[in-house]
Amino acid sequence: MPPRKPRSTGRRSHARKALPPLQFSFPLPYGAVLQEGAGRRTGGVQFVVYSHSATAMRVLLYDGVGDREPAEAIELDPESDRWGDIWSIFVPGLGPGQLYHFQADGPSDPERGQRFDGAARLIDPYAKALAGDYLLDDAGQIVPPKCVVVDDAFDWQGDRHLRRDLADTVIYEMHVRGFTAAETSGVARPGTYLGVIEKIPYLKSLGVTAVELMPVHEYPASLPGAGPPARSNYWGYDPIAFFAPHRGYAAGTEPGCQVREFKEMVRSLHAAGIEVILDVVFNHTAEGNHLGPTLSLKGLENRVYYMLGDGGSSYKNYSGCGNTINGNHPIVREVIFLCLRHWVHNYHVDGFRFDLASILSRDRNGDILPNPPIIEVITEDPMLADTKIIAEAWDAAGAYQVGSFASLRWAEWNGRYRDDVRRYWRGDYAQTGHLATRLAGSSDLYGDDGRQPFHSINFVTSHDGFTLNDLVSYREKHNEANGEGNRDGDNNNFSENYGVEGPTRRPEVNALRARQLRNMLATLLLSQGVPMLVAGDECRRTQGGNNNAWCQDNAVSWFDWSLVDGNADLVRFVRELIRFRRDNPTLRRRSFLAGGTSANGTIPDVEWFSPEGTLIDWYACDASLCCLFGAPPVDDAHVDGVPRHVMLLSHSGSTPRSFRLPSVPAIRGLSWRVFVDTAAPPPHDIHPDGTGPLVDVELPLELGERSLVCLIAAPASPESDTAPTPAVRRRIVLPDD
């Protein structure tokens with residue numbers, strides 16, 4: 001075969017050598033792949049893209065990030081550069097940093113789902129990085145950022161996945177930019193991947209074992225166009241390039257620097273013993289509905305990538321964001337699992353949380369499948385075998401699969417845990433039984449199909465909704481700043497303001513709010529299952545009552561680091577709870593509690609009692625509960641030969657309540673010390689290292705209104721038996737007394 005001549009529709013200032021003979025060996029992988037050696041006479045880039053319906057395909061090459069027009073357009077020959085539905089061409093002389101778009105001709109028939117536009121510049125679905133801004137061309141059409149050819153080489157310095165058991169995990173959900181964007185962060189590179197590195201000592205001191213990063217896939221913060229200024233897409237739940245880390249979180253400015261900086265962040269977090277979980281959005285894209293722009297998938301094969309309705313003219317919208325990814329089409333399945341492999345292999349991430357994961361259970365018509373192919377692919381993929389896989393098991397169209405999503409491989413965000421804990425501590429009627437079920441790991445949801453407590457990701461708050469501080473400060477949402485007339489955001493928050501909406505100087509209200517914060521934090525970190533804490537909840541971060549701050553890239557959403565010192569007592573409270581949890585296997589069970597006997601044969605692994613110390617009557621609808629977690633038969637569940645049993649006394653009533661310890665001989669034969677007392681003023685609200693006061697098991701304990709006490713079985717020490725202060729003798733002291 002004679003050498004091929006370049007098929008170029010544009011010109012550069014220098015002549016390009018003729019393209020070499022066709023090379024059959026590189027029709028895959030997809031994207032822009034660097035090629036050196038392997039039979040090549042010279043290095044270059046192999047461009048590979050899928051399209052079934054395209055009639056022509058071009059690669060547009062750019063010299064600079066700010067260039068509005070390509071320096072060269074290379075036409076692919078459908079006879080020699082197409083293998084089935086894969087278009088592939090090798091271009092010599094290109095290297096890392098090369099900027100490009102795809103451009104495709106094809107049928108334009110929106111009524112039948114065909115939306116090809118030969119003038120549109122298209123983001124490569126497999127692009128590993130983007131560079132530049134969204135622009136408008138002379139015709140008013142959006143030109144997306146340019147794709148960047150990336151060299152994946154990086155000095156990992158021996159880094160590998162940490163492979164911590166899910167049962168031993170404490171998750172910290174955070175936004176990369178918002179974590180350090182505020183001036184109070186004091187970091188040199190605020191709002192960036194490198195800024196996160198500067199705050200690793202804080203994360204390590206807090207004791208969390210994993211950060212769950214809100215979306216870091218490339219997304220448009222806003223799109224240009226006519227009309228009023230667009231709101232900022234701060235959260236990032238609007239992806240456009242699944243394989244590329246968001247360029248807006250990079251400290252550098254050179255094309256592709258975000259790839260290196262993200263890897264540096266992961267490497268540094270791993271060195272500190274902290275895993276990285278990505279919040280991934282495989283349910284929709286930024287291209288929106290039929291009125292949205294053509295940025296990538298629409299212009300390559302719209303009918304394959306999206307779920308369409310009305311014969312193809314409309315987009316099914318199970319995501320609430322205008323379109324829905326067609327996740328169970330074989331082509332789209334391939335994109336998703338190759339993307340997950342990419343982040344695990346090239347970025348060493350430790351797991352994924354799947355946003356609106358129930359959409360992945362839907363077939364091309366939107367019906368829920370019993371065994372969705374994409375779920376099975378993710379479940380069985382060997383490269384993902386060591387990763388944590390977490391589902392948000394619902395979607396925006398009514399599918400709610402909490403407790404029934406997928407298989408043993410998947411953990412779930414437990415939305416029922418959130419609601420039940422909120423309602424119990426708010427004082428709703430007849431919630432004690434629900435609280436008990438959540439404390440014990442939610443066996444009602446996960447106990448009938450072989451799953452275990454660690455399949456429940458427990459949380460009281462998440463990025464979506466009130467912060468913990470706002471949960472106890474606002475009865476209603478206050479989203480006026482979002483520009484939607486306060487119509488957006490959830491109306492069912494199970495929140496309470498305790499007499500004043502928002503901030504107040506009334507000491508009794510502030511005291512009760514502080515106590516409720518400690519109640520819910522203690523409940524979260526002392527429950528069976530995997531706790532997830534939202535960044536800033538440990539120091540009372542507030543959004544001013546905004547429960548849908550997706551567009552607030554400002555102080556409303558940013559972590560205010562002055563709160564860490566201003567609420568140092570609460571930070572200490574959370575830190576000691578996390579440390580206690582990580583040190584005590586009694587709270588990290590690998591299997592569901594059965595009420596059977598523990599190692600010493602006398603105390604059950606779980607038992608429930610009334611405030612009178614008798615077995616609880618679940619039909620009494622009492623607001624008070626005593627829970628006993630018996631220690632498992634493992635060495636690190638004992639201290640000085642004493643099993644590390646844990647007893648929780650909770651009372652959500654509005655008046656004080658006396659508790660008697662259970663009338664079980666083994667309980668009364670042990671020494672019990674106060675670990676947590678949420679009604680006591682700091683520093684007496686938590687006693688680390690078994691330093692809490694001894695409890696006289698023959699006397700009742702008085703719990704104040706809405707309070708929690710945690711007792712731990714521990715050896716007595718003479719120092720703790722000296723005359724206690726009046727506060728300790730009373731056991732429970734209200735902050736406003």
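The values are calculated or read from the model by the stated rules, or taken from the named source; none is laboratory data. Here the structure is a predicted model, which means the values were calculated and not measured. Quick reminder, even Gly has a Cβ in these numbers, built from the backbone with ideal geometry, and neighbours come from all protein chains shown.
Looking across segment 635-658 at every residue that is outside any strand (DSSP E or B), surrounded by 13 or more Cβ atoms within 10 Å (Cβ to Cβ) and within 35 Å of the chain's Cα centre (by Cα), the one that is modelled with the lowest pLDDT is identified as 637. Residue 581 falls short on exactly one of the conditions (1) in a loop (DSSP other than H, G, I, E, B); (2) touching a helix residue (DSSP H, G or I) at 6+ places or on another chain (Cβ under 6 Å); (3) closer than 23 Å to residue 424 by Cα, and that condition is (1). Which of the residues that make up segment 341-362 are closer than 22 Å to residue 400 by Cα and either modelled with pLDDT under 95 or not hydrophobic (A, V, I, L, M, F, W, C) (or both)? Answer for segment 341-362, where residues must be closer than 22 Å to residue 400 by Cα and either modelled with pLDDT under 95 or not hydrophobic (A, V, I, L, M, F, W, C) (or both): 353, 355, 358, 361, 362.
Quick grid of which residues meet (1) at pLDDT 90 or above; (2) of a type outside the set (Asp, Glu); (3) assigned to a strand (DSSP E or B); (4) outside the structural domain of residue 243 (by TED's automatic domain parsing):
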{"position": "6", "(1), (2), (3), (4)": "no, yes, no, yes"}
{"position": "16", "(1), (2), (3), (4)": "no, yes, no, yes"}
{"position": "68", "(1), (2), (3), (4)": "yes, yes, no, yes"}
{"position": "74", "(1), (2), (3), (4)": "yes, yes, yes, yes"}
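Picking from residues in segment 180-197 that are in contact with a helix residue (DSSP H, G or I) (Cβ under 6 Å, 6 or more places away or on another chain) and not hydroxyl-bearing (Ser, Thr, Tyr), the one that is surrounded by the most Cβ atoms within 10 Å (Cβ to Cβ) is 196. Being touching a Phe, Trp or Tyr at 6+ places or on another chain (Cβ under 8 Å) and either at pLDDT below 95 or not aromatic (Phe, Trp, Tyr) (or both) is a property that residue 107 has.
Of all residues in segment 432-450, exactly one satisfies the criterion of being more than 21 Å from the chain's Cα centre (by Cα), in a loop (DSSP other than H, G, I, E, B) and surrounded by 22 or more Cβ atoms within 10 Å (Cβ to Cβ), namely 440.
Being modelled with pLDDT of 95 or more, farther than 19 Å from residue 440 by Cα and either in contact with a Lys or Arg (Cβ under 9 Å, 6 or more places away or on another chain) or not assigned by TED's automatic domain parsing to the domain that holds residue 472 (or both) is not true of residue 691. Screening 506, 572 for residues that are without any contact (Cβ under 8 Å) to a residue 40 or more places away in the chain, surrounded by fewer than 18 Cβ atoms within 10 Å (Cβ to Cβ) and basic (Lys, Arg) leaves exactly one candidate, 506.
Would you mind stating whether residue 418 is assigned to a helix (DSSP H, G or I) and either at negative phi or among the small types (Gly, Ala, Ser) (or both)? For residue 418, the condition - assigned to a helix (DSSP H, G or I) and either at negative phi or among the small types (Gly, Ala, Ser) (or both) - is met.
Only a single item in (1) touching a Ser or Thr at 6+ places or on another chain (Cβ under 7 Å); (2) free of Cβ contacts under 8 Å to residues at least 24 places away in the same chain is not met by residue 442, and it is number (2). Restricting attention to segment 169-212, the residues that are among the hydrophobic types (A, V, I, L, M, F, W, C) and either assigned to a helix (DSSP H, G or I) or touching an Asp or Glu at 6+ places or on another chain (Cβ under 6 Å) (or both) add up to 12.
Considering segment 481-496, the residues that are more than 14 Å from residue 467 (Cβ to Cβ) and among the polar types (S, T, N, Q) include one that is surrounded by the fewest Cβ atoms within 10 Å (Cβ to Cβ), namely 492.
Taking into account only those residues within segment 265-302 that are under 25 Å from the mean Cα position of the chain (by Cα), of a type in the set (Val, Ile, Thr) and more than 17 Å from residue 333 (Cα to Cα), which is surrounded by the most Cβ atoms within 10 Å (Cβ to Cβ)? Ranking the candidates gives 266 first. None of 673, 729, 706 is modelled with pLDDT of 85 or more, surrounded by fewer than 22 Cβ atoms within 10 Å (Cβ to Cβ) and among the basic types (Lys, Arg) except 673. Taking segment 386-431 as the range and being charged (D, E, K, R) and crowded, with 17+ Cβ neighbours inside 10 Å as the test, the residues that pass are 388, 392, 395, 409, 412, 416, 418, 419, 420, 422, 423, 426.
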